[in-house]
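K.L.:
Pasting a structure here, questions to come.
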Amino acid sequence: MENKINEIRNNALAAIEKADDLKSLEAVKNEFLSRNSEFNNLKKGMKDLTPEQKPVIGALLNKISIELSKLIEEKNEIFYKKELNERLLKEKIDITLDGKYIPIGHVHPLTQTINEITTIFNHLGFSLVEPKYSPEVEVEKFNFDLLNVPKEHPARDVQDTFYCENGDNVVLRSQTSNSQARQMLNSKPPIKVISPGRVYRNESVSARKNNLFHQIEGLYVDKNVTMAHLKGVLNEFTRLYFGQSRPTRFRSSFFPFTEPSVEIDVQCIMCQGEGCPVCSHTGWLEILGAGMVDPNVLRDVGIDPNVYSGFAFGMGVERLTMLKYAIDDIRLFFNDDVRFLKQF
Ligand code: DAH
């Protein structure tokens, strides 16, 4: 029995010696120390020994069992550290390398302006017109007739407005004011909406003019709406859009759909009113047209002008963006030149 034990011990020592990584060491452990190992079987055979032999063999088996476990454990520790170090070395990340450049797109400056102005008017209680009331392809009725624009008005001329070839008085809208009539025909006061969008004019393209541009229209119709409301809302808009309170000027003007009509100037943001090339040395910049909705317009859409009144306004998005960022050529908005666009 003792010989057998020693033989197993020698075999185990040799196998431990030979094991050269965690895996082979695990195999050795299984072979010599597991439940089904030869060594363990010897332990089970102890019951057949004489009472004198039992303590001697028992002690020997225990001693060897502890010895082998300890040797395997020690080697295990060494291999574990070695393999861990190798893995860490292999998986090392060089954090000094530059990251991958992921280009991030920009929101187009005109879209930014539209969003900004829309937010300002939302805070002043205006909601966005439903898109179906603000079509870009329009009939003359909404672009002109219902806005009190006379039949012979020069704006209706093909020199100024794009007509579609089908001859049904279909135009590319020349102003977002078309949404006014559609909104009023389809809803009852109080009406308080803004309507941003594209407009088209048959214009020769220059640094100041493009035949496609954007406007934001506003309309407020209710009982007892007065010019004071118009002034209050539009002064507040200028303050919020240009970032600080600056002088504004309401000049009397003419639009067919408003009476009285005004054009609003803001003190030049470049020269603070001193006079410079941007404001043509006047000290003022025109930023929008507005007025009290003409009673004829209200009447034509079925709103009683003796009960209701309202104000309307319209502004050019390109112009407002150019003024805010000192951009001197409208064509820059439409050229898709990323060197320009990525500045915003
Ligand atoms: N539609 C005008 C334009 O294109 C702008 C405008 C002026 C709109 C006065 C209005 C307004 O609603 O009341 O020049």
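K.L.:
Limited to the range 189-201, what total is found for residues that are part of a loop (DSSP other than H, G, I, E, B) and more than 15 Å from Phe126 (Cα to Cα)?
P.N.:
Residues that pass the stated criteria total 1.
K.L.:
Which of the residues spanning the range 237-261 are farther than 12 Å from Leu288 by Cα, assigned to a helix (DSSP H, G or I) and either within 16 Å of the ligand (Cβ to nearest atom) or open to solvent by 60 Å² or more (accessible area, probe 1.4 Å) (or both)?
P.N.:
Arg239, Leu240, listed by residue number.
K.L.:
If Lys63 satisfies all but one of (1) within 30 Å of Ile194 (Cα to Cα); (2) surrounded by 11 or more Cβ atoms within 10 Å (Cβ to Cβ); (3) among the charged types (D, E, K, R), what's the number of the condition it fails?
P.N.:
It is condition (1) that Lys63 fails.
K.L.:
Still on this structure: Of everything in the range 283-302, what is at pLDDT below 95 and of a type outside the set (Gly, Ala, Ser)? Give them in sequence order.
P.N.:
Trp284, Leu285, Glu286, Ile287
K.L.:
If you don't mind, another one. Could you grab me the full set of residues in the range 286-331 that are of a type in the set (A, V, I, L, M), closer than 16 Å to Phe242 by Cβ and away from the ligand (no atom under 15 Å from the Cβ)?
P.N.:
From the range 286-331, those of a type in the set (A, V, I, L, M) are 287-288, 290, 292-293, 297-298, 301, 303, 307, 312, 315, 317, 320, 322-323, 326-327, 330; that's our starting set.
In the following step, the residues that additionally are closer than 16 Å to Phe242 by Cβ were identified as 287-288, 315, 317, 320, 322-323, 326-327.
Of everything in the range 286-331, those that are of a type in the set (A, V, I, L, M), closer than 16 Å to Phe242 by Cβ and away from the ligand (no atom under 15 Å from the Cβ) turn out to be Met322, Leu323, Ala326, Ile327.
K.L.:
Pull up the range 162-191, narrow it to residues that are more than 21 Å from Asn296 (Cβ to Cβ) and either within 29 Å of the chain's Cα centre (by Cα) or not aliphatic (A, V, I, L, M) (or both), then point me to the one that is modelled with the lowest pLDDT.
P.N.:
Among them, the one singled out is Gly167.
K.L.:
Tell me, which residue of the range 166-188 that is of a type in the set (A, V, I, L, M) and not in a helix (DSSP H, G or I) is surrounded by the fewest Cβ atoms within 10 Å (Cβ to Cβ)? Explain how you work it out, then say what you get.
P.N.:
Within the range 166-188, the first condition is being of a type in the set (A, V, I, L, M), and the residues that meet it are 170-172, 181, 184-185.
Subset that is not in a helix (DSSP H, G or I): 170-172.
Details: Val170: 15, Val171: 21, Leu172: 19.
Residue satisfying both the conditions and the ranking: Val170.
K.L.:
Pairs under 6 Å by beta carbon, first residue of a type in the set (Ser, Thr, Tyr) in the range 235-250, partner in a strand (DSSP E or B), six or more apart or different chains?
P.N.:
Note: pairs meeting the criteria are Thr238/Thr248; Thr238/Val266; Thr248/Ile264; Thr248/Val266.
K.L.:
Which residues, taken from the range 105-160, are more than 25 Å from the chain's Cα centre (by Cα), under 19 Å from Gly197 (Cβ atoms) and β-branched (Val, Ile, Thr)?
P.N.:
Val137, Val139, Val149
K.L.:
Also, quick follow-up: With the checklist (1) open to solvent by less than 90 Å² (accessible area, probe 1.4 Å); (2) in a helix (DSSP H, G or I) in hand, flag the one item Asn3 doesn't pass.
P.N.:
(1)
K.L.:
Among the residues of the range 42-58, write down those that are part of a helix (DSSP H, G or I) and either touching a Lys or Arg at 6+ places or on another chain (Cβ under 6 Å) or open to solvent by less than 60 Å² (accessible area, probe 1.4 Å) (or both).
P.N.:
Across the range 42-58, the qualifying residues are Leu42, Gly45, Met46, Ile57, Gly58.
K.L.:
Within the range 216-229, is even one residue open to solvent by less than 40 Å² (accessible area, probe 1.4 Å), in contact with a strand residue (DSSP E or B) (Cβ under 8 Å, 6 or more places away or on another chain) and either part of a helix (DSSP H, G or I) or hydroxyl-bearing (Ser, Thr, Tyr) (or both)?
P.N.:
no
The values are calculated or read from the model by the stated rules, or taken from the named source; none is laboratory data. As the structure is a computational prediction, the values presented were derived from the model and not from experiment. FYI the Cβ positions are ideal-geometry reconstructions off the backbone, even for glycines, and counts take in every protein chain you see. Surface accessibility is based on the protein's heavy atoms, side chains included, excluding ligands, DNA and RNA. Shrake-Rupley method; radii C 1.70, N 1.55, O 1.52, S 1.80 Å.
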